[in-house]
Each structure stands twice: as C-alpha cells, then as structure tokens.
Amino acid sequence: MMHEHPFAQFHFCPKCGSPRFVEHNEKSKQCEDCGFVYYFNPSAATVAVILNERQELLVCRRGKEPAKGTLDLPGGFSDCFESSEEGVAREVKEETGLEVTRTEFLFSLPNTYLYSGFLVHTVDCFFRCTVADSSLAHAMDDAAELLWIPVKELRPEDFGLASVRKGIEKLLAQWP
C-alpha cells in the first residue's frame, strides 16, 4: 500500500506563509522565498504495559475517536520537555489514576493516528510499568472503562489502534 508523505498536507511555509513551499528531498520541504527547510518527523508517543500479580494486563476501552469503544493500552503523546518515561507515567496517571514507580523500555513501533482530520505519524514506545497499587485503578480522561484481562485471554483483534494491536501480538509471542 502506497502512503502519501505527511508533508504533502503542508502547502504554505510555516515560517513566512509563502505558497512557494516545495519538496526539497524525500524527507523535507523548503520555502523558495525565505529558504526555511522543514523536516517532517514522527511524534513521540507512549504505551504502558501494566501487569498485576495475577498476570492480568490493564486494558482501557477507548472513550474517544479514533477507534472509540475498542480496547487500548494506557498511553499517549509525550509532551514537549518531558522524556518518554515521564510521558508514560503522566499518561498512566491521567487515564487510570495509578502512580508509576518504575518504567522499562520494551520496544517501539511506527504508527499513524488520525486527530482532527490530520494524520499524525508517531513512534509508539512501549514500556513495562510498575505501579504502586494496581487495585486503585479507575477510568479517567479518555478511558471509558478499565479492564484487567488475563494474558491468556488477550485477543489482538480487539485492540483498535494498529500499533497497539501489533504490540499485543509481539508481547504475546514473548510471554510464556
């Protein structure tokens, strides 16, 4: 499947507003008036893998589009001036109320996320997160519901976002 490069959505120079904003190379556009070169890079996003003592995975039901009503893992975009570790801890707190005490990077996957009609390219960083007290989890922010699903009962096809689905598949292949 051929994908249009994300900078095709940008028709005007973000620095001076010129319509003479043209392809510079396969990774960037350049303004023919002010010379500004813009490289379109993916946004950093995080995904939390939280297991309790019964080997159940903490799963959210998405409360908002995209993929409203499907399963997801806690996480979201990293903010400016925060590390991915700080971002995943903040997102877990916002969505579940849980306090992350430790993070361990697992892997990353490329993804796209449709937000307000704009296709955002992301690199989703998956972290195993240890929390202070898993019994305090409750749905907040854009999580409509929280579920603890036994690892053996996870079905990747129930997860609405492509990278999370692939991440669940990868995790299941690693877990006994």
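The values are calculated or read from the model by the stated rules, or taken from the named source; none is laboratory data. Source: prediction; values computed, not measured. Note that each Cβ is placed from the backbone with ideal geometry, even for glycine, and that neighbours are counted across all protein chains shown. The area values use the complete protein model at the heavy-atom level, side chains included, leaving out ligands, DNA and RNA. Shrake-Rupley method; radii C 1.70, N 1.55, O 1.52, S 1.80 Å.
Selection within segment 142-167: residues that are under 16 Å from the mean Cα position of the chain (by Cα) and touching a residue at least 60 places away in the same chain (Cβ under 8 Å). The member of this set that is most open to solvent (accessible area, probe 1.4 Å) is 142. Only a single criterion out of (1) at pLDDT below 95; (2) assigned to a strand (DSSP E or B); (3) in contact with a Phe, Trp or Tyr (Cβ under 9 Å, 6 or more places away or on another chain) is not satisfied by residue 66, namely (2). Answer yes or no as to whether residue 124 is touching a Phe, Trp or Tyr at 6+ places or on another chain (Cβ under 7 Å) and buried (at least 20 other Cβ atoms within 10 Å of the Cβ). For residue 124, the condition - touching a Phe, Trp or Tyr at 6+ places or on another chain (Cβ under 7 Å) and buried (at least 20 other Cβ atoms within 10 Å of the Cβ) - is not met.
In this structure, residue 57 does satisfy being open to solvent by less than 70 Å² (accessible area, probe 1.4 Å) and either within 22 Å of residue 169 (Cβ to Cβ) or at pLDDT below 95 (or both).
Looking across segment 1-37 at every residue that is within 22 Å of residue 112 (Cα to Cα) and open to solvent by 100 Å² or more (accessible area, probe 1.4 Å), the one that is modelled with the lowest pLDDT is identified as 1. Annotation note: Cβ proximity below 9 Å between a residue of segment 44-60 that is of a type in the set (Asp, Glu) and a residue that is in a strand (DSSP E or B) (sequence gap 6+ or interchain) occurs for 56/147; 56/148; 56/149; 56/150.
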